[in-house]
1. Kindly list, by first and then second residue, each pair from a residue in the range 431-445 that is among the acidic types (D, E) to a residue that is surrounded by 14 or more Cβ atoms within 10 Å (Cβ to Cβ), limited to pairs with Cβ atoms under 8 Å and residues at least 6 apart or on different chains.
2. Could you pull out the residue among K196, K188 that is within 21 Å of G329 (Cβ to Cβ), in contact (Cβ under 8 Å) with a residue 24 or more places away in the chain and out of contact with any strand residue (DSSP E or B) (no Cβ under 8 Å at 6 or more places or on another chain)?
3. Quick check: anything in the range 3-13 modelled with pLDDT of 85 or more and of a type outside the set (K, R)?
4. Could you please find all residues in the range 278-305 being in contact with a Lys or Arg (Cβ under 6 Å, 6 or more places away or on another chain) and not charged (D, E, K, R)?
5. Mind checking which residues of the range 442-455 are surrounded by 15 or more Cβ atoms within 10 Å (Cβ to Cβ) and part of a helix (DSSP H, G or I)?
6. Taking the range 330-344 as the search range and keeping residues that are of a type in the set (S, T, N, Q) and assigned to a helix (DSSP H, G or I), which one is surrounded by the most Cβ atoms within 10 Å (Cβ to Cβ)?
7. Report those strands (runs of 3 or more DSSP E) wholly inside the range 175-259 carrying at least 3 residues which are more than 30 Å from S310 (Cα to Cα) and among the charged types (D, E, K, R).
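The values are calculated or read from the model by the stated rules, or taken from the named source; none is laboratory data. For clarity, every value in this text was computed on a predicted model and none was experimentally measured. A quick note on method: Cβ atoms are made from the backbone with ideal geometry, for glycine too, and the neighbour counts reach across all protein chains shown.
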Amino acid sequence: MEPEEPVIMHELAGRITVYTIRGCLHCLRAKARLTNLGLPFIEVNIQEDPVIHRKIVDLTGRLTVPQIYFNNIHVGGQDDFQKLSKEELDKLIDTVRNVPVPPDAPPIPEPEKVEEQVPKEEVKSERDEHADLVMEFKQSNIIGNHWSGLKMYPKTFTGKKLVSWLIAHKSLDKTEAIEMAKDLTTRKFLNPLSGKGFDDSDALYRLVEHDSASALNSGVTAEYGTVSAAGHSEVMRDLILKLFSEHITPDGKLVDYKSMRKSTIFETYCQLATQLQRLDLENLTREEKLAFFINVYNALVIHGIITQGSPKNMWQRYKFFNSVSYVIGAEVFTLQDIENGVLRGNRKGLAQIMKPFSKGDPRLKAALGEVEPLIHFALNCGVLSCPPIKTYTAKEIDKQLKISAAAFLDGSDGCQVDVSKKEVRLSQIFKWYKIDFGGTDEKLLNWVFEHLGDSPKKKALKELLDHGSIKISNLPYDWSTNSKD
C-alpha cells in the first residue's frame, strides 16, 4: 500500500473527533493515521465521561471504539476509516477544512484540561507494626533448608525456632512469643506448610513472600496491608494501562515491553503488586471478586510478558498461563487459577484434566459460586484476538461486563451473521467454553442474541432464529502477539 501524502494545514474550520479508551490498539492506529495525514483531531476518552459515552452509543448504535467523526459525519471505527476510498477521504477532509462545527456534531467535554496523573486513590493502610520485626527475622540464620520426610523445603523454619528467636531477640516470654507468631500468621506474614495454624513444634513454616519463587510479586515483604481489594486492583489496572499506552509504537501496532520494565510507573506498579500478598479475600462479595480478579488477571498478563516475554507457540502459552502468578492473600494464583478456578467457578480449563482447586484447597474460598460467562469478554490474554483491555469496578461490574460482551459481539472478530447462508460465525471463545454459554447450539445462539446490542446484526440473528436450522462456524483466532521484540 502506497504511503499517504500528508495534508498541509494549520487549522480546521471544523473538527475531527475520535472517541477512544486508553490502551486500545485500534484507537491508536486510527490516531496514528490521522497524525500521519497531518490532520489535527480531538480525542475523547469515553471511560472518563460516562455521559458522553452513552450519547455516542445512542448516536452510533455501537459499543466499540474508536468512533470517528468529521464534524457531524460519522465515519465509524478503525476498519471503516481504513476502508475509505481516496475520494471519500478527500471529501471528508474538505468538509472539516472549510465548514465550521455544526450544532448537531457529537459532544466533547468542557474545554478545561485536566492533567493526567497517576491515580491518587489511597490503596494502602499504615505500615504494619510488625513489618520491622519481619524484616529483621529475614536476616536471621533461622530461615534455611529443612527436611520433612524425604523432601527438602527451602527458605523454611520450624515453629520452635521462631518462638526461640522471638524470646531471644524481642525479650518475650514463651507465651508472648507464641501469641506473636500466631499474630504473624493471622496477618499473612507467614504460612504453615501443613495448612493449619501456628504451633510451637517442629512443623515447618515459610514467609508468605517466599511461598513461590516464581510468583512475580514474591521475594519482597508486603509492609502495608491493602484498604480495598477492588479499589486496589482498579489502581493497579489503571497504572498498567498507562504504562501500556506510553510504550506503544506511534502506529499503534507494537508494544515495547522491554522499555516498560525500565519505567518508574512499572516500579510503582510492582510495589502495588507486592501488597497483594497480604490481601484479605475472605469477605469479598461476588461483584468485588469479579472486578478484583479480572483486573488482576489482565495486569498479571502484561506483567508476565514484561518479565518473561510473549509466548510464541502452544507449549509456551500453556507454560505461561500455568506458571505466571501472584501471591494473593498468602496463596499462589496462576493465570489459569484465576480464570478457571475463581472466575469460572472452579471448572476445568482447556487441556486440564482436573479442576484447578481440590476440595481442601484454601483458594476454593475465592472461587465464584458459579461460572460467569461474561468474563470471557473481559479477560485479555495478550494476543490480537483477545477482547480489548479495560478497567472494571465492583460497583458497576455487571453493567460493564454486559457492555464489553456487546462490544465484542458487535465487532467482526466476535460475531458475524450471514442470513443468505443461514450461518453464524463466532469467535472460538464460544467453542472452547461452550459449556459456559449453555452447552448446546440453541442455548449458545440465544445467549449471543440476548447479549448483542441493538443493531442490524441482532435483527439478522433474530431472523435466523425465527426460521431455525442455523449453521454455526468459528472465526479464525489470531494468536499473534503485539510485542515489539
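1. Sorted first by the residue in the range 431-445, then by its partner, the pairs are D436/R344; D436/R347; D436/V371; D436/P373; D436/H376; D441/I470; D441/I472.
2. Answer to the check: K188.
3. So far as the range 3-13 goes, yes, one or more of its residues are modelled with pLDDT of 85 or more and of a type outside the set (K, R).
4. N295, A299
5. L444, L445, N446, W447, V448, F449, H451 - these are the residues of the range 442-455 that are surrounded by 15 or more Cβ atoms within 10 Å (Cβ to Cβ) and part of a helix (DSSP H, G or I).
6. The selected residue is N340.
7. Answer list for the range 175-259: none.
Per-residue answers, yes or no, for (1) over 18 Å from H451 (Cβ atoms); (2) in a loop (DSSP other than H, G, I, E, B); (3) touching a Pro at 6+ places or on another chain (Cβ under 9 Å):
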position	(1), (2), (3)
Y326	yes, no, no
N346	yes, yes, yes
I353	yes, yes, no
S358	yes, yes, no
K365	yes, no, no
L374	no, no, no
L379	no, yes, yes
Y392	no, yes, no
F408	no, no, yes
